[in-house]
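Undergrad: My structure is below; once you've seen it, I'll send some questions.
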Amino acid sequence: MENLIALLVAAPLLGAVVLLCGGRRLDKVGHWIGTLLAAVSFGIGVALFADMLGRTAEDRTLTQNLYTWIPVEGFQADMAFQLDQLSMTFVLLISGVGTLIHVYSIGYMEHDERRRRFFGYLNLFVAAMLLLVLADNYLLLYFGWEGVGLASYLLIGFWQHKPSAATAAKKAFLVNRVGDIGLSIAIMLMFTTFGTFAFEPVLASVGETSEGTLTAIGLMLLLAACGKSAQVPLQSWLGDAMEGPTPVSALIHAATMVTAGVYLIVRSAAIFNGAPDAQLVVTVVGAVTLLFGAIVGCAKDDIKKALAGSTMSQIGYMILAAGLGPIGYVFAIMHLVTHGFFKAGLFLGAGSVMHGMNDEVDMRKYGGLRKYMPVTYATFGLGYLAIIGFPGLSGFFSKDMIIEAAFAKGGTEGWILGGVTLLGAGITAFYMTRVMLLTFFGEKRWQPDAGGELPHPHESPKSMTLPMVILALGSVFAGAFFEIGERFLKWLEPVTGYEHGNPPVSAMTVTAATMVVLVIGIAIAWTMYGRKPVPVVAPRGSLLTRAARKDLYQDDFNHVVLVRGGEHLTRSLVYLDHSVVDGVVNGTAASVGGLSGRLRKLQNGYARSYAVSMFGGTVVLIAATLLMRAV
Amino acid sequence: MSAVAASVSSMTSTGEAIQFWVLGTVAVIGALATILMKKAVHSALSLAGTMIILAVFYLANGAYFLGVVQVIVYTGAIMMLFLFVVMLVGVTAADSLKETIKGQRWLAALCGLGFGTLLIGGIANAGLTHFNGLGRVNSAGHIEGLAQLIFTKYVFAFEITGALLITASVGAMVLTHRERTERAATQRELAEKRVREGVQLPPLPAPGVYARHNAVDVAGLLPDGTPSELTVNRTLRARGQIRDVSSQAIDDLKALEQASSERLGREEASK
Amino acid sequence: MNPVNYLYLAALLFTIGGVGVLIRKNAIVLFMCVELMLNACNLAFVAFSRMHGNLDGQIIAFFTMVVAAAEVVVGLAIIVSLFRTRHSASVDDASLMKL
């Protein structure tokens, strides 16, 4: 069976190569090829999953070594894959949700003349992400990591004729580069410390390494995760990434890209377990991002940006959980999977709404859409209930576990983290209810588009609604399926390890508290957006709202601190270069030039003048000779 | 003279000494004149004089062949070539003795002085007092001795100088030769061109022919008595070397009339 | 009189020729000065020939004359073609060897 692992990556990669190199003759069938190959990958994944289930927990790990990638003595890296339970989870999520998004895109991108290219990029994205999660060494993971960065750049900037999309793509790429530096430094540190890149030996020999080194590696890995998973302080690209087509947003936010950071931390669990300081930083980053994303999500009127803030917040939950150590790894991944379902569903729903509303994204111009788009309403509603953690739905189980684990951390830390996660749950309820109310309830606030036509909302075609329905089913049942009998825990435990935390309060109390904040959040949202009519033009709002609309001034912060700082640094360096370095060089040149200018006068071009020099030289030579003779 | 040169002695005869002092002075004066004369022709003539004196000195030193060659080749051929070129080039601004390069003359004088002093000092310091004379080597005949050396010991140098001379003559031809790029106009074409341009249809008028003057630089007279520049060669015209004899002729006529009237008056008086 | 006086005369003539080369602008006169220097050398050769009592000095002087003849021929040809293109025989006019 292990020979099939490479095919997981190869199938979408083949699709990308064929579609991107195939040219216009594939325009008619390109989307089918792309979807088919993504589905093939998913099929292989399912087959491998079935095979894996049939074996005992101890030998579920499969490896496949294709060839030696870098055959240098002492610097060897293999093109080798490792498929264990963690990778398997990701493979199913990526290829499964990825395939659904492929199907959805067939309808969504129907009128785009570059659809074939779009599917090529999607396939490339899936292939890179699969390579990332299947790699058996950090160097190959880095390869996939960069592939994801490239594919996200291509997809976010897919509508490159829009300057905003081109800029957003560039921004995502550059911010990701900052994170990539972290990953590359981490890999270099690993190589100097352990002398290899492969997961197995690196993670096995963690015990013999000093905590300082592990902390350094851990922090660098965290920087990498921050870049890819849009965590503070490298979160600024995520909101702008909404410039890409909606399926891309769904893919980036649900199945790929942003989950890569969580994967990296969980995969490197051994390193973080050995570096409590790094873990603490991870939880802090997760907590800050959790609130940051939630607050931003509350203020955005753009439906996709509101969902983007939500993603940031939910990934914050995962990072926080991953930072908790063995008590949180499993729940981080579980939340990641359930989030994959409902966030993909929400984004596809948002795309469906935009599809019906002439690509309008401002929620204040929606209203009352539930009658016009029943399927979208139903699936989006189920996703909504799942994300806020409505009892029984998947978000309820996964988020509840994280909150419990946060409290179980113990001490003041535990209370603070638990409080933050609870508060986050409340804010999540608020902003998701807000999205729901603004979009599907209330009176119609539709505005004529640029052509002066009022939108005619309609349900989207089957190819778009079908994936939404499947994802909605996942959002509803996945959590319960995972939780009953602790199936997910048992599945992942052999890889990530698990240790049951003892929260200072009982699990029931935590659940009750969660329910309370949930109800409060919904109630506030209902008072603000449900009871009274919503103005089409956004009111000025409080200071916090205004700040949140501007993404809490993240771009301004980056601009002032990084851009200006960089400019000042380069300017001073340029000044130094001009005054000192060039001064020395130019001064030398000028003095030589001046001397030459004077000497040049001797070179006047008159043959007679040269003759005098020769004659004078002869005189001197004769005099010298005679003098030497005399002496 | 042969006896003098052949004598094995560190001293020369008094005759040779007198000859040296007299001609040596003249040679130095000639050399100075060569570099100081304004006109190139004068320089050339001065140099020719110095060379002839040097030829005499060669003879005095027993180099009879060289002395003769010096007169024939140097003074006779090379200096004539110089004069040829001087005539070809003519008088130019280059003849001006005014120095244009700052400090050139001073530096030249300084270098010359230093060089001469060192050279003469060096010779004086060398202590050359003993002269073997050429009596022994000339015993089998001077020309024969030279010929033997040239065609044995120096035969390669001799052949190579032959090649050099050939090359030099070819080189001179290449350098001075100008390829004619267009066909020379025929007499008919020239006549047609004259008619077309209508400037001077008939041949140019001849210079004036007078009783006492018929040189090419004497302009012919127009009917009103003024000289016509057209009758004089263009080069002479450009140099302003036209001799105007028109007034001279009238003066001559007046003088003739006066003389005849005086004579007639005398005849009348004598009557 | 000591025949070494011929050498002094040769040195004097050579120096005069050298100074002439430096102070004259007319290329033809300049050439004449070079000839003067060559002749001074010839005189020295002849005097040395007498001093050493062999004819080699005279042979060298003879070769000098031949080479001088060749040199004069080419040199004057150069002067003539220079005059044709520049309408000047002044060596200062051909001062192109400068910046």
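The values are calculated or read from the model by the stated rules, or taken from the named source; none is laboratory data. What you see is a predicted model, and the numbers here were worked out from it, not measured in a lab. No Cβ is skipped: glycine too gets one built from the backbone with ideal geometry, and neighbour counts run over all protein chains shown. Side chains included, ligands, DNA and RNA excluded: accessible areas come from the protein's heavy atoms. Shrake-Rupley method; radii C 1.70, N 1.55, O 1.52, S 1.80 Å.
Undergrad: Quickly estimate the mean residue ellipticity at 222 nm for the protein assembly as shown, helices only: each DSSP H run with n ≥ 4 gives -39500 (n - 2.57), and the total goes over all residues, rounded to 500.
TA: -22500 deg cm²/dmol
Undergrad: Quick one: in the stretch A:336-468, what % of C-alpha pairs are over 22 Å apart?
TA: More than 22 Å apart: 44 percent of the Cα pairs in the stretch A:336-468.
Undergrad: Given the whole protein assembly as supplied and a 1.4 Å probe, what does the accessible area of A:F191 come to in Å², nearest 10?
TA: 50
Undergrad: Could you give the accessible area per residue of the stretch A:1-132, probe 1.4 Å, as a whole number in Å²?
TA: Heavy-atom SASA per residue in the stretch A:1-132 reads 42 Å².
Undergrad: Still on this structure, I have one more. Express the C-alpha Rg of the stretch B:74-210 as a ratio against the empirical globular expectation 2.2 N^0.38 Å, rounded to two decimals.
TA: Scaled against compact globular proteins, the figure is 2.00.
Undergrad: While we're on this one: Could you tell me the total accessible area buried at the C-A interface, probe 1.4 Å, in square angstrom to the nearest hundred?
TA: So the total buried area for this chain pair works out to about 1100 Å².
Undergrad: Another one. Taking a cut-off of 19 Å, what percent of all Cα-Cα pairs in the stretch B:139-189 are separated by more than that?
TA: 60
Undergrad: Any idea what the dipole of the stretch B:119-271 comes to, in debye rounded to 20, about its Cα centre with Lys/Arg Cβ at +1 and Asp/Glu Cβ at -1?
TA: The calculated dipole for the stretch B:119-271 is roughly 420 debye.
Undergrad: Where the accessible area of the stretch A:89-244 is counted over protein heavy atoms with a 1.4 Å probe, how much of it, in %, is carbon and sulfur?
TA: Result for the stretch A:89-244: 65 percent of the exposed heavy-atom area is carbon or sulfur.
Undergrad: Tell me the angle of helix A:374-388 to the major Cα principal axis of chain A, expressed in degrees between 0 and 90 and rounded to the nearest ten.
TA: With rounding to tens, the tilt is 80 degrees.
Undergrad: If the viscosity is 1.306 mPa s and the temperature 10 °C, what translational diffusion coefficient in µm²/s does Stokes-Einstein give for the stretch A:403-557 when Rh comes from Kirkwood over Cα pairs?
TA: Rounded to a whole number, D works out at 80 µm²/s.
Undergrad: Say we join alpha carbon atoms closer than 10 Å with springs in a Gaussian network model of chain B; which of B:L54, B:L221, B:L23 then has the biggest fluctuation?
TA: B:L221
Undergrad: What's log10 of I(q)/I(0) for the stretch C:9-77 at q = 0.19 Å⁻¹, Debye sum over Cα points only, no solvent?
TA: After summing over all Cα pairs, the log10 values are -0.74.
Undergrad: Over chain C, what percent of the accessible surface lies on carbon and sulfur atoms, probe 1.4 Å?
TA: Carbon and sulfur: 74 percent of the exposed surface of chain C.
Undergrad: Please compute the alpha carbon radius of gyration of the protein assembly as shown, then divide it by the globular-protein estimate 2.2 N^0.38 Å. Two decimals is fine.
TA: Output field value: 1.84.
Undergrad: Only Lys, Arg, Asp and Glu count, each charged at its Cβ (+1, +1, -1, -1), so figure out the dipole size of chain A about its Cα centre, rounded to 20 debye.
TA: 2340
Undergrad: Which is farthest toward the positive dipole end of the stretch A:540-591 among A:G587, A:H568, A:A547, measuring Cα position about the Cα centre, with Cβ charges +1 (Lys, Arg) and -1 (Asp, Glu)?
TA: Farthest towards the positive end: A:A547.
Undergrad: Among all the lysines, which ones have a C-alpha under 26 Å from A:K304's C-alpha, if same-chain residues fewer than 8 places away are not counted?
TA: Candidates past the 8-residue exclusion: A:K162, A:K170, A:K171, A:K228, A:K343, A:K365, A:K371, A:K399, A:K444, A:K462, A:K532, A:K550.
Undergrad: Farthest toward the dipole's positive end in chain B, which of B:L164, B:Y210, B:F131, given Cβ charges of +1 (Lys, Arg) and -1 (Asp, Glu) about the Cα centre?
TA: Going by the charge dipole, the pick is B:L164.
Undergrad: Over the Cα atoms of the stretch A:21-71, each weighted equally, I'd like the Debye log10 I(q)/I(0) at q = 0.15, 0.23 Å⁻¹, rounded to two decimals.
TA: Results for the stretch A:21-71 at q = 0.15, 0.23 Å⁻¹ read -0.69, -0.88.
Undergrad: Can you give the translational diffusion coefficient of the stretch A:266-390 in µm²/s, computed by Stokes-Einstein from the Kirkwood radius over Cα pairs at 10 °C and 1.306 mPa s?
TA: D = 101 µm²/s.
Undergrad: Under a GNM of chain B (C-alpha, springs under 10 Å), which listed residue has the highest mean-square fluctuation: B:G121, B:G145, B:G90?
TA: B:G121
Undergrad: Further, regarding this structure: Go from 0 up to the bin containing the longest alpha carbon distance in the stretch A:528-624, width 5 Å each, and give me the % of pairs per bin.
TA: P(r) for the stretch A:528-624, in whole percents per bin: 3, 9, 7, 8, 7, 7, 6, 6, 5, 5, 5, 5, 4, 4, 4, 3, 3, 3, 2, 2, 1, 1, 0, 0.
Undergrad: Mind pulling the angle between the C-alpha long axis of helix A:85-108 and the longest principal axis of chain A? Nearest 10 degrees, somewhere in 0 to 90.
TA: 80
Undergrad: Moving to a separate point now. What is the spread of the Cα atoms of the stretch A:119-227 along each of their three principal axes, largest first, in whole Å?
TA: 54, 23, 15
Undergrad: Give me D for the stretch A:257-317 in µm² s⁻¹, whole number, from Stokes-Einstein with Rh from the Kirkwood sum over alpha-carbon pairs, 4 °C and 1.567 mPa s.
TA: 105
Undergrad: Which value, in square angstrom to the nearest 100, describes the accessible area buried between chains B and C on both sides, using a 1.4 angstrom probe?
TA: 7300
Undergrad: Still on this structure, I have one more. With a 10 Å radius around each residue's Cβ, average the other Cβ atoms per peptide and rank C:33-41, B:126-134, highest first.
TA: Most protected by this proxy first, the peptides run C:33-41, B:126-134.
Undergrad: For chain B, what does the relative contact order come out to in percent, with C-alpha contacts under 8 Å and a separation of six or more?
TA: Relative contact order here is 13 percent.
Undergrad: Enter the accessible area per residue of the stretch A:280-419 (Å², integer; probe 1.4 Å; all protein chains in place).
TA: Averaged over the residues of the stretch A:280-419, the accessible area is 22 Å².
Undergrad: Another question about this same structure. To the nearest 10 degrees, how steeply does helix B:155-176 sit against the main Cα axis of chain B, on a 0 to 90 scale?
TA: 20
Undergrad: While we're here: With a 1.4 Å probe and every protein chain kept in, tell me what percent of the accessible surface of the stretch A:327-445 is carbon plus sulfur.
TA: 66
Undergrad: While we're on this one: Evaluate the relative contact order of chain A (contact order divided by residue number), counting alpha-carbon pairs under 8 angstrom at least 6 apart; express in whole percent.
TA: Reported as a whole number, the value is 12 percent.
Undergrad: Under the rule of at least 5 residues apart or a separate chain, name every residue whose amide H is placed under 5 Å from the amide H of A:A80.
TA: Amide H neighbours of A:A80, under 5 Å, 5+ apart: A:L66, A:D136.
Undergrad: Using a 1.4 angstrom probe, figure out how much accessible area the stretch A:524-592 has per residue, in square angstrom, rounded to the nearest whole.
TA: Roughly 74 Å² per residue, with all protein chains present.
Undergrad: Using the Cβ atoms and a cut-off under 10 Å, what net charge is assigned to the surroundings of A:S310, where Lys and Arg are +1 and Asp and Glu are -1?
TA: Residues close to A:S310 contribute a combined charge of +3.
Undergrad: Related question: Over all residues in A:590-603, what is the mean tally of Cβ atoms on other chains that come within 10 Å of each residue's Cβ?
TA: The per-residue average across the peptide is 1.
Undergrad: Under 8 Å for C-alpha pairs, at least 6 residues apart: give me the relative contact order for the stretch A:105-263, rounded to a whole percent.
TA: 26 percent.
Undergrad: When only the heavy atoms of the protein chains count and the probe is 1.4 Å, how do A:K462, A:K343, A:K162 rank by accessible area, highest first?
TA: Per-residue accessible area, sorted high to low, gives A:K462, A:K162, A:K343.
Undergrad: Determine the residues within the stretch A:607-625 where the difference in accessible area between the chain on its own and the full set of protein chains amounts to at least 40 Å²; count protein heavy atoms only and use a 1.4 Å probe.
TA: Buried by 40 Å² or more upon assembly, which counts only protein chains, are A:R608, A:V612, A:F615, A:V619, A:I622.
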